[in-house]
1. When only DSSP loop residues count, what trypsin sites (Lys or Arg not before Pro) in region B:39-90 have their Cβ near at most 13 other Cβ atoms within 10 Å?
2. Roughly how many Å is it from the Cα centre of region A:63-116 to that of region B:32-70, as a whole number?
3. Explain nothing, just the number: dipole magnitude of chain B about its Cα centre with +1 on each Lys and Arg Cβ and -1 on each Asp and Glu Cβ, in debye rounded to the nearest 20.
4. Can you check what the net charge comes to around A:G109, using other residues whose Cβ is under 11 Å from the Cβ of A:G109 (Lys, Arg +1; Asp, Glu -1)?
5. Could you please tell me the mean projected area of the C-alpha convex hull for the protein assembly as shown, averaged over all directions and given in square nanometres to one decimal?
6. For chain A, set up a GNM with springs between Cα atoms under 10 Å and report which of A:S30, A:S42, A:S82 has the largest fluctuation.
7. Pull out a ≥ b ≥ c, the square roots of the eigenvalues of the alpha-carbon gyration tensor of region A:59-116, then state rounded if a/c is under 1.5, prolate if not and a/b is larger than b/c, and oblate in the remaining case.
8. Using only the Cα atoms of region B:5-55, what are the Rg and Dmax in Å?
Amino acid sequence: AQTVTQSQPEMSVQEAETVTLSCTYDTSESNYYLFWYKQPPSRQMILVIRQEAYKQQNATENRFSVNFQKAAKSFSLKISDSQLGDTAMYFCAFMKHWGAGNMLTFGGGTRLMVKP
Amino acid sequence: ETGVTQSPTHLIKTRGQQVTLRCSSQSGHNTVSWYQQALGQGPQFIFQYYREEENGRGNFPPRFSGLQFPNYSSELNVNALELDDSALYLCASSLEMAPRENTEAFFGQGTRLTVV
């Protein structure tokens, strides 16, 4: 079974500054995907960034980037130039595949507050 | 918007009753998953359907059941509701055998179920 741990229940950052959210996971799988999802008060899970485990290069998506350390099973999210709209719950998630199926295992989330 | 729609958005039921939640998958997606998100926690995998068959199940009792229809829409049924079933129920659709770089689950906005 997979486990995902987010050790920071809450974080805050000043607008325009940089913040890093931590995530560690445990698995015996060799092929998997890692995701960061954002969940604003509207409740919809929005994909922020995706990392394939077979890729060594860290994924980037505009202001969002990850630091993927496969051996350490660590997958942190860096948000640069934070904006008020980044205020939300952030979930780290591990995706396992089997045949035609897939399953996400989520961490407990980090509540991020961006302050003006 | 992800193209995944869920209904209803909110629902209040009495303990012991039965409830049906509905999900319309993103166009072309043949795999649908259901997740339960208790307040202040990350989502937990309930089960997944692929081509109208259950294709994986999390640690949920049999009173949680589902259906997937030929048009890939889906239902989550919960019998004998308990107070602890109060949660946000999220539906996610994905494409089986998607290319690695397109692996992703698209979420609906969820149904907030309150059991009293």
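Values quoted throughout were computed directly from the atomic coordinates according to the rules given, and no laboratory measurement underlies them. Since the model is a prediction, treat every value here as computed from it, not as a measurement. Don't worry about glycine lacking a Cβ; one is built from the backbone with ideal geometry, like all the others, and counts go over all protein chains shown.
1. B:R51, B:R63
2. Cα centroid of region A:63-116 versus Cα centroid of region B:32-70: 22 Å apart.
3. 280
4. Cβ neighbours under 11 Å give a net charge of +1.
5. 12.3
6. A:S42
7. Because a/c hits 1.5 or more and a/b exceeds b/c, region A:59-116 counts as prolate.
8. 12.9, 37
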